[in-house]
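Working notes, beginning with the structure itself.
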Amino acid sequence: MSDLHIALLLLAAVLLVLLIGYNKWQERRALQRLDTTLRGGVGDALLEPAPLDALAGDVIAPPTRIEPKFGSLAPIAPAAADELDQPTIPADFPPAAEREGALAGWIEDPLLDSVFELRCTHAVDGVTVLDAIAGLQRQRFALPVHVAAWDARTQQWVHPDRFGFYTELLVAIQMANRRVALDEVEASRFLAAVQQIAVALDADFDAPEVARLVSLATELRTSSSQFDVQIGLTLEGAGGPWGKERLAAVAAKAALVASGPGTWRRFDEAGTPLFTFGSASLLKDRLTLELDVPLAPVAAQPLRLMYAAASVIALDLGAQIVDDNGQPVDAASLASVEHKLEDLYEKMRQAGYEPGSPRALRLYA
C-alpha cells in the first residue's frame, strides 16, 4: 500500500470522526431546545441566571399537575366523577387530532387501582414510548390495565402517540372485580411488564412486593363481595309460553328497551341500566325481572320501577308476581324489601361503594 493510499485512509477516518461529532452536537442542541420547550420557554435557571432586580418581582408559578380524570379533560379542570367508566387498554392509540386535551375511559381510583409512576430521566418521544409499552399491550390480563403519559406541553395526562414527547408514565392495573382478584401469577406478570417498560425508557421504577399487592387485591374482593346482591321478581302464569312478539309488545308498554335476544332493560334519564327483563328460554312460562343492586343509582328508585314494570307485564299476560321462593309479592311485601335495601345502601356508602357510581360500575359491571 502506497503512502498516498495511507494518507487517503487517514483523511477518510478524520472526516468520519468529524461527521459523527457534528451529528452528536446537533442531537444535543435539539434536546436542549426540546427541554426548553417542555419547561414552557422558561429556560434553565442555572445556565441563564436572572438579574437581581428581576428576582424581586413576581414569582413564576410552576406548571400545575393534573391527575387522570374521566372523560374529556380540559387543562386544569377535573371532569365529572359520575360518568360511566369502561376501563380498557386500547388496541391502538388515537391520532393526535383525537387525543388533544383528552384521556377518556379511566379515572385513577386509590381503592381499585394499583398505580405505578415511571419518571423518565429525560423527555422521551412518542415512538419510543409506544415501542416500550407494546409488550404490555400484547399480554392478556384478567383485569383492566391502563397507560397514561404526562404531556408537559398541554399540561395533562394523555394517551401516548407517536407525535408527543413525555416525561412521566402511569401504568395501572385494577386489583379486583366481582369475578376475580389479582393473584400472584397475574401480579408478577404485570410487574415484570412494567419493569421492562422502565428499562426501555430509562425511567425510575420501584417495584412493590408481589405479596403486598395480592393482599390488597384480596381485601378489596372480600370487602366488595358482601354487596354483590341481586333482587329478582318472577312472573308465572297458566297463559304461557309466550311468543317473542307478545313479550316485545308488553315490554314496550312497561317502557323497556330491547338489549339482546329475549332480553329487555329499563334505563334512567342518564342512560344507566336499572334492571333487566327476560327469560332463559322464550318457550317457558316463567319470566324474570332482576335488579343488580350495586349497578343501579339509588336516586332512580330502581326497585319501585321494577315492581311497577312487573305489574304492567303481569296484568297484560295474566301472570302472577312471585319471589324466588314462589311466594306472591304485593305492595306490603315490597315495603319490607325496600327497608332491607335501604340498610344495604347505607352499608355500601359507609364502605365507599355508592350504588351506580363509577367505582361500583368498575367493580360490578
Say we look at the range 235-245 and pick out the residues that are surrounded by 15 or more Cβ atoms within 10 Å (Cβ to Cβ) and out of contact with any Asp or Glu (no Cβ under 7 Å at 6 or more places or on another chain); which of these is modelled with the highest pLDDT? Leu235
Pick from Asp343, Asp316, Asp324: which is out of contact with any His (no Cβ under 7 Å at 6 or more places or on another chain), part of a loop (DSSP other than H, G, I, E, B) and surrounded by fewer than 21 Cβ atoms within 10 Å (Cβ to Cβ)? Asp324
Of (1) in a helix (DSSP H, G or I); (2) open to solvent by less than 70 Å² (accessible area, probe 1.4 Å), Gly356 satisfies all except one. Which? (1)
Mind checking which residues of the range 126-144 are under 11 Å from Phe190 (Cβ atoms) and hydrophobic (A, V, I, L, M, F, W, C)? Leu136, Phe141, Ala142, Leu143
Out of the residues in the range 276-286 that are assigned to a strand (DSSP E or B) and at pLDDT below 90, state the one that is surrounded by the most Cβ atoms within 10 Å (Cβ to Cβ). Gly278
If you check Asp202 against the conditions, is it of a type in the set (D, E, K, R), in contact (Cβ under 8 Å) with a residue 40 or more places away in the chain and under 25 Å from Leu118 (Cβ atoms)? yes
For the range 217-230, indicate whether the set of residues that are under 17 Å from Ile313 (Cα atoms), in contact (Cβ under 8 Å) with a residue 24 or more places away in the chain and surrounded by 13 or more Cβ atoms within 10 Å (Cβ to Cβ) is non-empty. no
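The values are calculated or read from the model by the stated rules, or taken from the named source; none is laboratory data. Fair warning: this is a prediction, and the values are worked out from it, not measured in the lab. A quick note on method: Cβ atoms are made from the backbone with ideal geometry, for glycine too, and the neighbour counts reach across all protein chains shown. SASA here: full protein model, heavy atoms, side chains in, ligands and nucleic acids out. Shrake-Rupley method; radii C 1.70, N 1.55, O 1.52, S 1.80 Å.
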